[in-house]
Amino acid sequence: MTFKSLRVTLLAGVAMAAIAGPAVADVINPIPENFISIPPSAANFQPGGVFTSFDISFADPVTGNIFIADRSNAAVDIFSGSSQIFLGRAEGFTGQTGNNNTSGADGVLTVTRQGITTLYAGDGTSSLRVYNATNPAAPLFQQTIFTGGSTRVDEMAFNPRDSQVLAANNAETPAFGNLFTTTNGHAKVTLVGAPPPGNQITIPLGLGGTPGGGLEQPTWNPQTTVNGGASFWISVPAFAGAGNPGGVAQIDSTGLVRQAMNFANLPPGSISSGGCSPTGLASSTSGNMLVGCSNPGTQAVLLDKNGNFIKSVGLGSLGGTDEIWFDPTTNRFYVTGGPGGSAPGQRFFDVVDADGNILQTVNLPTTSSAHSITVDALTGNVFVALAGSNAAGANTVCPAGCIAVFGMGLDPVDHVPSPIAGAGLPGLLILAAGGLVALARRRRQKIA
């Protein structure tokens, strides 16, 4: 047998193995393939127009465009997930006020239906702003809706069944959520129970609600089967009681809080002694939900579709999680992390499968601020915002700030497996086979 025929045979055999098992090429290349610069706007008052403050990221699953809440430029920035270039921005937000609770933009999501992309973004004036972002180069402002508070509208989720948006005012005391009805996902958007305070949703005292408990990232879970079925779920940093580790709450499409999953009731040893203080939350295709912990000692907690505990993720490791993203194409969660609280140290993100297994940890080229993450379902590219700084040496990779792009181990130009350090011939063969499978899957999704 010649070397050529041996190579073909090996590739064919490995390709069959890759089809039968996990696609190895879905592993993220730990070296960013690109750093997208962010042009300063007239609203950027940072010396040198540096991108220093941001909040949530969102990837539109239909268009592949990426949206970043950019407080430095008082806007939501829009990037192409495929060409990885800046496209435009939705402007008119409060920007950096010196107080995180009154700055904006904050939470972000988009809905693309019937060829129209609608952008929803929270602002520091307790308002939800709505734009037509079908043309990302020139988003059109459509309306602003006041929610009745004095601080920012933060993270949000969309219910496609009923065309609803749930948004959280996380910095209020007590924190509250609001439901909005939309027109098939688009404007006109109406606050349920308007005028403010409308239908402000708080965690009831009987379920452990407490004024300082907060509300963080919500998700819509169509797989939930208890208490009315498909529901919103939301991270709750703390329920009542000294040292409470927090948990999640189920909110139905009428705004009723159906149940609270209090992590204080988990089996002993399920989370670290430092608690969890949940921030990020995302649901998988199966309905499993991953809850990110901002406190150190536990990275995340995996729940089933009805809020029941499955397992701890990264017990004994760093926490520091904020946003969590689930990519349905790879069936994986992407979890930001680092030292808990404001402690400095290496930031990273974990790739976690739907069963709560950490597949990979990718270190980020920064020690602060990298708390926002999203994944383009059409390309598999991972987008992480990195803050710039005017302090010498604080960010040597992109001193003015940027968006770091991590690829799936596939060359961005010709879409073949890139040589990954230490892979060797067997590793490259596996990556090649897995890459073909991954690429075919991505192309099937584009065609569909």
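Only the coordinates and a few stated rules stand behind these numbers; no lab work does. Not measured: the values here are computed from a predicted model. Methodologically, a virtual Cβ is constructed for each residue, glycine included, from the backbone with ideal geometry; neighbour enumeration extends over all protein chains shown.
Taking Gly88 and the conditions (1) small (Gly, Ala, Ser); (2) buried (at least 19 other Cβ atoms within 10 Å of the Cβ); (3) in a strand (DSSP E or B), which numbered condition does it fall short on, given that it satisfies the others?
(2)
Looking only at residues that are of a type in the set (A, V, I, L, M) and crowded, with 24+ Cβ neighbours inside 10 Å in segment 283-302, which one is farthest from Ala230 (Cα to Cα)?
Ala300
Quick one: would you say Thr225 is among the hydroxyl-bearing types (Ser, Thr, Tyr) and closer than 17 Å to Leu166 by Cα?
No: the conditions fail for Thr225.
Among residues belonging to segment 339-368 that are of a type in the set (Ser, Thr, Tyr) and in contact with a strand residue (DSSP E or B) (Cβ under 7 Å, 6 or more places away or on another chain), point out the one that is surrounded by the fewest Cβ atoms within 10 Å (Cβ to Cβ).
My answer is Thr361.
In segment 316-412, which strands (runs of 3 or more DSSP E) lie fully inside it and hold 3 or more residues that are without any contact (Cβ under 8 Å) to a residue 60 or more places away in the chain?
Where strands (runs of 3 or more DSSP E) fall fully within segment 316-412 and carry at least 3 residues being without any contact (Cβ under 8 Å) to a residue 60 or more places away in the chain, they are 332-337, 348-353.
Looking only at segment 151-166, which residues are of a type in the set (Ser, Thr, Tyr) and either crowded, with 24+ Cβ neighbours inside 10 Å or without any contact (Cβ under 8 Å) to a residue 12 or more places away in the chain (or both)?
none
Which numbered condition trips up Lys311, out of (1) in contact with an Asp or Glu (Cβ under 9 Å, 6 or more places away or on another chain); (2) within 20 Å of Leu166 (Cβ to Cβ); (3) surrounded by fewer than 21 Cβ atoms within 10 Å (Cβ to Cβ)?
(2)
Of all residues in segment 110-125, which are buried (at least 22 other Cβ atoms within 10 Å of the Cβ) and outside any strand (DSSP E or B)?
Scanning segment 110-125 gives a single hit, Gly124.
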